[in-house]
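Novice: Structure below; questions to follow.
Bear in mind that the values in this text are calculations on the coordinates, not laboratory data. For clarity, every value in this text was computed on a predicted model and none was experimentally measured. Glycine gets a Cβ as well: all are built from the backbone with ideal geometry, and neighbour counts include every protein chain shown.
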Ligand code: TYD
């Protein structure tokens, strides 16, 4: 079953002076059991990453710092764009979506992933992705 991408609004605990804690827990907002966490940083220029599709992997993406624009395309050719510009927002990316991720300057991306890294789960050719549908 293909689920839909969606923004998850995370709790934001704290206040203006002392700062905030946001969190996401398995069985509470996180729609899968996490197996891997990685983060992408040091992307200093306006840079696009992603450019691939996953057969099986589900992800929750949080922009810990700065701003990300994430463009998703499903197997029906439907395209949705999301902007992540707050550490209290997360984006759930279901399996079987092509993603292009634009890093605005100095953004840091945190990813919670449903599976361990497996290059065989990737489709890195857009034309191959378009033939999967
Ligand atoms: P990739 O997933 O293509 O990153 P992005 O979509 O942000 O451009 O990964 C970039 C490289 O890092 C690629 O060679 C695979 C490697 N990699 C790992 O070895 N383990 C991991 O958990 C991840 C996410 C990437």
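Novice: Cut-off is 10 Å between beta-carbons; in what order do 101, 62 appear when sorted fewest neighbours first?
Specialist: Lowest to highest Cβ neighbour count: 62, 101.
Novice: Additional query: For 130, 45, what ranking results if the residue with the fewest other Cβ atoms within 10 Å of its Cβ goes first?
Specialist: 45, 130
Novice: Suppose a student asked you for the relative contact order of region 65-121, using Cα pairs under 8 Å spaced at least 6 residues apart; what percent would you report?
Specialist: 43
Novice: While we're here: Mind checking Rg over Rh on the chain, alpha carbons, Kirkwood formula for Rh?
Specialist: Taking Rg over the Kirkwood Rh, I get 0.97.
Novice: Continuing with the same structure: How would 64, 132 line up from fewest to most surrounding beta-carbon atoms within 10 angstrom?
Specialist: With the fewest neighbours first, 64, 132 line up as 132, 64.
Novice: Suppose the chain between residue 127 and residue 17 were pulled fully straight at 0.36 nm per residue; how much longer would it get relative to their current alpha carbon spacing?
Specialist: Using 0.36 nm per residue and subtracting the Cα-Cα distance, I get 34.6 nm.
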